[in-house]
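The values are calculated or read from the model by the stated rules, or taken from the named source; none is laboratory data. Because the structure is a prediction, the values reported are computed rather than measured. Cβ coordinates were reconstructed from backbone atoms using ideal geometry, including for glycine residues, and neighbour counts include every protein chain displayed. The protein model used for the area step is the full one, side chains on, heavy atoms only, and it has no ligands, DNA or RNA in it. Shrake-Rupley method; radii C 1.70, N 1.55, O 1.52, S 1.80 Å.
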Amino acid sequence: MSWINLTALWKIVVFGLIAGAGLTAIFAGGLYSLSLGPRTVHASADGSTSESDVLVGGNVLGMVGAAIAFLIVLAAIGWGIYEVYQIGHPAVKH
């Protein structure tokens, strides 16, 4: 199997898992952190209750966790754009 570079193959698989599923999981964790907050219960005229979500606020720790998660995702996007730019514009050496 000399025509398959196993070292490169495992690097591609690991990077794909981190960048693909990993960043998606971090983003989902950030959204979940935003959802951690107070819930308000509304009683209706017929005696039933319904629960509604508060859009923003409530849990400061959740908002900080979401901000960190979103910053990680944004940093990864920025790094990816930088790498694509570097591939298309290699440094000229004189």
Query raised in the report: For the pair residue 27 and residue 89, how long in nm is the line joining their label points, each one 7 Å along Cα→Cβ?
Result: 2.6 nm
Query raised in the report: Under a plain spin-label model, where a point goes 7 Å from the Cα along Cα-to-Cβ, how far apart in nm are residue 17 and residue 72?
Result: 1.6 nm
Query raised in the report: Can you work out ³J(HN,Hα) from phi for every residue in the stretch 70-86, in order, using Karplus 6.51 cos²θ - 1.76 cosθ + 1.60 and θ = phi - 60°, giving whole Hz and x for Gly and Pro?
Result: 5, 5, 4, 5, 5, 5, 5, 5, x, 5, x, 5, 4, 5, 5, 4, 5
Report task. Using a 1.4 Å probe and ignoring any ligands, DNA or RNA, find the accessible area of residue 70 and quote it in Å² to the nearest 10. Result -> 60 Å²
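Given a Förster distance of 30 Å, report the FRET efficiency between residue 6 and residue 36 from their Cβ-Cβ distance, rounded to the nearest 0.05.
0.10
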